[in-house]
Amino acid sequence: MSLVDTHLHLDAPEFAANRAQLWQQARASGVSHAIVPAVMADTFDEVLAMRAQFGVDVAFGLHPLYLARHRDEHLALLADYLERQRPVAVGECGLDFFVPGLDAQQQEYWLQAQLKLARRFELPVILHARRSHDRILKYLRQHKVPGGVVHAFNGSLQQANAFIELGFCLGFGGAMTYQGSQRIRRLAATLPLSAIVLETDGPDIPPEWAPAVPNTPDNLPRIAAVLAALRGVPLADIADATAANAARVFPAMQAP
């Protein structure tokens, strides 16, 4: 079995004490590869260190939750890293209309600027979307990028289909493991398998079986098993399909 974690914050401080051990455990459990997205300029070099140490792939972006940390000069820095450091995507970027106090107009400025960079460098995009799917779709139609992933997807069927039509895959992870997440589980069970990728978002969005501790990448096989059960197919089929989907949507990704 060869699973790809398409969204793992391996550079997070929660993993500092035992990062190498956690990645070893993930590899031993069947996780063959991961993508580590940066969330602000201060972390660009940290995710590069993850690539150098663990062989993961990286992405560079400016996340809406860190709006207060972003500066205009960071866009030039981002462009430089996109050009020189061979990332697989622009991201994590997007819109968050759930967390109070985040200026929507400012978020939209940063998202559009990064979509323009994705077009310039012909890179897919890793999107953060909370209560903002329709607005993000509006900007994706204006700034046509080479697809990407809507990570931790929690939108409607109509929104899912709209993203798929634009060449995006949808990321499913810990939220799907909860019995109460009926809408997410229904989408995971019924959307085309060709549109689904797996993720942990570690250390965030922990699964049902470990809700009170940081989410670790070795949870991915059990997350994949939940998806297999929801769809009524063998786990190996889920592993093969989602790994192939990740390779398709991120053409620069290293082979798992």
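Using a probe of 1.4 Å on the protein chains alone, the accessible area found for Lys138 is around 90 Å². Annotation: per residue accessible area for the range 62-211 equals 44 Å², rounded to a whole number [probe 1.4 Å, protein chains only]. Report the residue, chosen from Gly61, Gly180, Gly148, that carries the largest GNM mean-square fluctuation when the chain is represented by alpha-carbon nodes joined by springs under 10 Å. Comparing Gly61, Gly180, Gly148 in the GNM, the peak value goes to Gly180. With a cut-off of 13 Å between beta carbons, the residues surrounding Val249 carry a summed charge of -1, where Lys and Arg count +1 and Asp and Glu -1. Of all the options Ala34, Ala162, Ala243, the one that moves most in a Gaussian network model of the chain with Cα springs shorter than 10 angstrom is Ala162. Of the solvent-accessible surface of the range 1-133, computed with a 1.4 Å probe and all protein chains present, 46% belongs to carbon and sulfur.
Among residues other than Ala229 with Cβ under 13 Å from its Cβ, the summed charge is +1 (Lys and Arg +1, Asp and Glu -1).
The values are calculated or read from the model by the stated rules, or taken from the named source; none is laboratory data. The structure displayed is predicted, hence computed values, not measured ones. No Cβ is skipped: glycine too gets one built from the backbone with ideal geometry, and neighbour counts run over all protein chains shown. Each accessible area value is taken on the protein alone, full model and side chains, heavy atoms only, with ligands, DNA and RNA left out. Shrake-Rupley method; radii C 1.70, N 1.55, O 1.52, S 1.80 Å.
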